[in-house]
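Asker: Quick one: structure below, then a few questions.
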Amino acid sequence: MNARITRRTALKGLGTTLALPWLESLAVAAPAAVTAPPRRVAFIYVPNGVNMAEWTPKAEGKLTELPGVLKPLEAFKDSFNVYSGLALDKARANGDGPGDHARAMAAFLTGRQPRKTHGADIRAGMSADQHIASVAGQVTRFPSLELGIERGGSAGNCDSGYSCAYSHNLSWRGESTPNSKEVDPKAVFERLFGGNDPKEQAQARAKRDLYNTSVLDFVNEDAKGLNKTLGTADQKKLDEYLASVREVEQRIQKAKAAANAPVAKPNVPAPTGIPKEYADHIRLMADLMVLAFQTDLTRVVTFPFANEGSNRPYKFIDVPEGHHDLSHHGSDPKKLEKIKKINTFHTEQLAYVLGKMRGTKEANGTTLLDNVMLVYGSGNGDGNRHNHDELPVLLCGKGGGSVATGKHVAFPKKSETPLMNLFLAIFERMGAPANSFGDSTGVLKL
């Protein structure tokens with residue numbers, strides 16, 4: 001095997017292509033600018049706004065004491081920024097009446113006013129992730145990856161005359177074409193690590209299911225051959241990577257077994273491969289996102305933790321009421337405390353994501369967290385007010401050293417600084433600059 005091969009090395013077997021992380025032993029001798037890890041971008045969305053009093057840091061500048069909802073991120077406060085005061089004008093009614101939830105999600109990455117319709121004539125705009133993917137996606141196997149937790153279609157009336165397409169989809173390929181998200185971890189795993197030949201993929205998948213084998217069994221010989229060419233440190237890194245792939249695979253298999261186990265109502269089929277527990281589902285999808293970034297299969301991911309307007313109950317944290325119902329809290333302290341619990345649960349999942357990224361080592365002594373820009377937030381501010389200014393927005397990761405992190409930046413409310421200005425800054429760092437996007441007014445300084 002030729003040792004002078006590139007970052008794009010993959011292990012191959014029947015119906016399987018297992019992309020590899022960066023391995024120094026295999027790096028082509030090249031300038032640092034060429035061998036530097038690529039930058040990636042992710043957008044994580046949470047619905048129904050947040051308890052803003054428990055979200056917003058008390059002081060501007062360096063992050064010191066974090067408010068209640070952000071406390072799970074304590075270990076990462078040098079690796080993210082809180083942006084207060086960003087606005088999403090196109091999520092407002094602007095003459096279209098009720099429908100703030102649908103508009104919030106539809107406008108979050110597009111900065112466009114969605115057409116009020118629940119028919120086939122939907123219209124929003126290309127989303128920020130797809131603008132980046134149009135450039136960054138040219139060098140990866142998958143231009144972008146759309147993940148999710150709650151299923152959702154693109155038809156029906158979901159919010160005051162707005163199509164379900166608006167409140168169920170974060171990514172839009174074009175103004176009338178939402179990108180549906182994949183919520184089944186098994187389907188994502190097969191997509192990432194299946195080969196390019198559909199027939200071989202089907203054969204390999206059937207064989208793995210029949211004999212309960214691993215995707216790693218199909219690339220074992222190739223892995224052994226590669227291992228002989230690696231230095232000691234890279235051998236360890238390869239072993240850790242393969243172990244992480246197998247661990248994710250085993251969790252998917254366990255989720256499938258649990259989903260297919262006898263239930264009280266056998267006539268109600270359970271979805272294959274989807275964990276029963278919400279947190280397990282989020283973390284499994286997050287692990288797949290990290291693997292996709294680590295192996296450079298994609299550099300662009302969208303990942304809503306739930307659909308906008310979701311009324312999911314959170315019984316496992318002693319919140320049996322629906323999320324959307326609670327978001328109309330009417331300043332009731334008890335309801336606000338429950339909203340805080342839901343918001344904190346979500347930031348706990350974000351902390352898990354950031355921990356996985358920080359634990360993923362890359363070239364030049366960096367980590368995946370050093371080389372990512374992860375936007376976390378909602379298109380609603382306070383769910384009770386349905387306001388679309390003073391949005392809860394975080395930018396996590398250092399963007400390959402291009403983002404100064406560890407601070408709270410507050411924009412004056414009267415300035416109405418568009419959220420799209422943040423995306424223009426991210427575009428520049430992802431090699432996809434634009435003069436404007438949505439309702440942008442300029443490039444935000446990061």
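Asker: Kindly provide the helix-only [θ] at 222 nm of the chain, computed as the sum of -39,500 (n - 2.57) over DSSP H runs of four or more divided by all residues, to the nearest 500 deg cm²/dmol?
Answerer: On the way: 12 runs with 145 residues, N = 446.
Result for the chain, helices only: -10000 deg cm²/dmol.
Asker: Return the percentage of antiparallel bridges among DSSP beta bridges fully within the chain, rounded to the nearest 5 %.
Answerer: Taking every DSSP beta bridge within the chain, about 50 percent pair in antiparallel fashion.
Asker: In Å², and per residue, what accessible area does the chain have when probed at 1.4 Å with the other protein chains present?
Answerer: On the way: 18160 Å² over 446 residues.
Per-residue accessible area for the chain comes out at 41 Å².
Asker: How about the chain: what cysteines have no other cysteine beta carbon under 4.7 Å from their own?
Answerer: Cysteines of the chain left without a disulfide-compatible partner: Cys396.
Asker: Given a 1.4 Å probe and every protein chain left where it sits, what share in percent of the accessible area of region 89-154 is carbon and sulfur?
Answerer: For region 89-154, the apolar C and S fraction of the accessible surface comes to 49 percent.
Asker: If packing is taken as the average count of other Cβ atoms within 10 Å, what order do 391-400, 93-102, 427-436 fall into, highest mean first?
Answerer: Ranked by mean Cβ neighbours within 10 Å, highest first: 391-400, 93-102, 427-436.
Asker: Which shape class applies to the chain: rounded if a/c is under 1.5, otherwise prolate when a/b exceeds b/c and oblate if not, where a ≥ b ≥ c are the square roots of the Cα gyration tensor eigenvalues?
Answerer: Prolate, because a/c is 1.5 or more and a/b exceeds b/c.
The values are calculated or read from the model by the stated rules, or taken from the named source; none is laboratory data. Quick caveat, the model's predicted, so the values are computed rather than measured. Here the Cβ is made from the backbone with ideal geometry for all residues, glycine too, and neighbour counts use every protein chain on show. These area figures cover heavy atoms from the full protein model, side chains too; ligands, DNA and RNA do not enter into them. Shrake-Rupley method; radii C 1.70, N 1.55, O 1.52, S 1.80 Å.
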